[in-house]
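**Q** Let me begin by handing over the structure; questions about it come next.
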Amino acid sequence: MGRPLRADAERSVRAILEAAERVLADDAGASMEQIAEAAGLTRITVHRRFANRQALLEALAVSAKQQLLDAIGEARPESAPALVALYRVTANVLRVKNTWRFTLSHATPHTSAAAAIWEEIDTYTVELLTRAQNEGLLAPDADLDWTRQVYYALLSEALDRPGADQDPAAQDPDTLAALVIDTLLHGAGPRG
C-alpha cells in the first residue's frame, strides 16, 4: 500500500471523485478532461492521481462503498433496538446513495478493495436483519439472504420512484427510510 497522501493531494482526489460523480451522472462517456475541468484542476493533475479512466472508476467504486460503510457505522446500529437501527442505517445509506447515484447504480469495477468493503456491508446488513428476526420484526423462518436482496432493491427503488424528482419532499432520506422499512416489514398487504 502506498504512503498516505498530503492534505492538498487528498483534497484534489476528493474534488476529482466528486466532480467525476457529477459529470458522469450527466454524461457517462465524459472525458477525463471534462472531469478535470469540473473539479477545477488540470488534466495533468487528474492523470497524476488516476492513470486512466479505469483507475478513476475503480477509485469511485471504492470511495462510494466506503462512504456506505461509514454511513452504516455512523448510525451505530448495535446501540439501538433493531427497528430503530434499521431506520437509522436506511436513512444514512439513502443519503449516500443519493449523493453517489451514478457510481452506486452503474456496474463499476469490483477491485479487491471494493469487494472487501462490500463484504463488510453485507455482513453488517445480515447481522442487523438477524437482530430484527430475533426481535420478532421478521418471521422466524424468513430467508435472510433473500430479505437482504429485497432490502437492497427497496433502497434503490426508493430513490428512483416515478415523479419523485419533481417533489423535493419525496427525496427526504427519513421519509424514504420509513417507506423502505414499512415495505420491508409489512409489504403492500393490509395491516392485521
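Laboratory data are not the source of any read-out in this text; all were calculated from the coordinates shown. These numbers were taken from a predicted model, which means no experiment stands behind them. In this analysis, Cβ positions are derived from the backbone assuming ideal geometry, glycine residues included, and neighbour counts consider all displayed protein chains.
**Q** Can you find even one residue in the stretch 25-46 that is crowded, with 20+ Cβ neighbours inside 10 Å, closer than 19 Å to V96 by Cα and in contact (Cβ under 8 Å) with a residue 40 or more places away in the chain?
**A** Scanning the stretch 25-46 turns up no residue that is crowded, with 20+ Cβ neighbours inside 10 Å, closer than 19 Å to V96 by Cα and in contact (Cβ under 8 Å) with a residue 40 or more places away in the chain.
**Q** Taking only pairs six or more apart or across chains, which ones have beta-carbon atoms under 6 Å, a first residue in the stretch 115-143 that is of a type in the set (F, W, Y), and a second residue that is surrounded by 12 or more Cβ atoms within 10 Å (Cβ to Cβ) and in a helix (DSSP H, G or I)?
**A** So the pair list comes out as W118/K65; Y124/I72.
**Q** Collect the residues in the stretch 65-75 that are part of a helix (DSSP H, G or I) and under 12 Å from Y124 (Cα atoms), keeping them in residue-number order.
**A** If the condition is that a residue be part of a helix (DSSP H, G or I) and under 12 Å from Y124 (Cα atoms), then L68, L69, D70, A71, I72, G73 are the ones that fit.
**Q** If you check every pair at least six apart or on different chains, which have Cβ atoms under 7 Å apart with a residue in the stretch 62-90 that is over 16 Å from T183 (Cα atoms) first and a residue that is of a type in the set (S, T, Y) and outside any helix (DSSP H, G or I) second?
**A** V62/T111
**Q** State all residues of the stretch 78-102 that are among the basic types (K, R) and within 20 Å of D122 (Cβ to Cβ); if no residue qualifies, say none.
**A** Scanning the stretch 78-102 gives R88, R95, K97.
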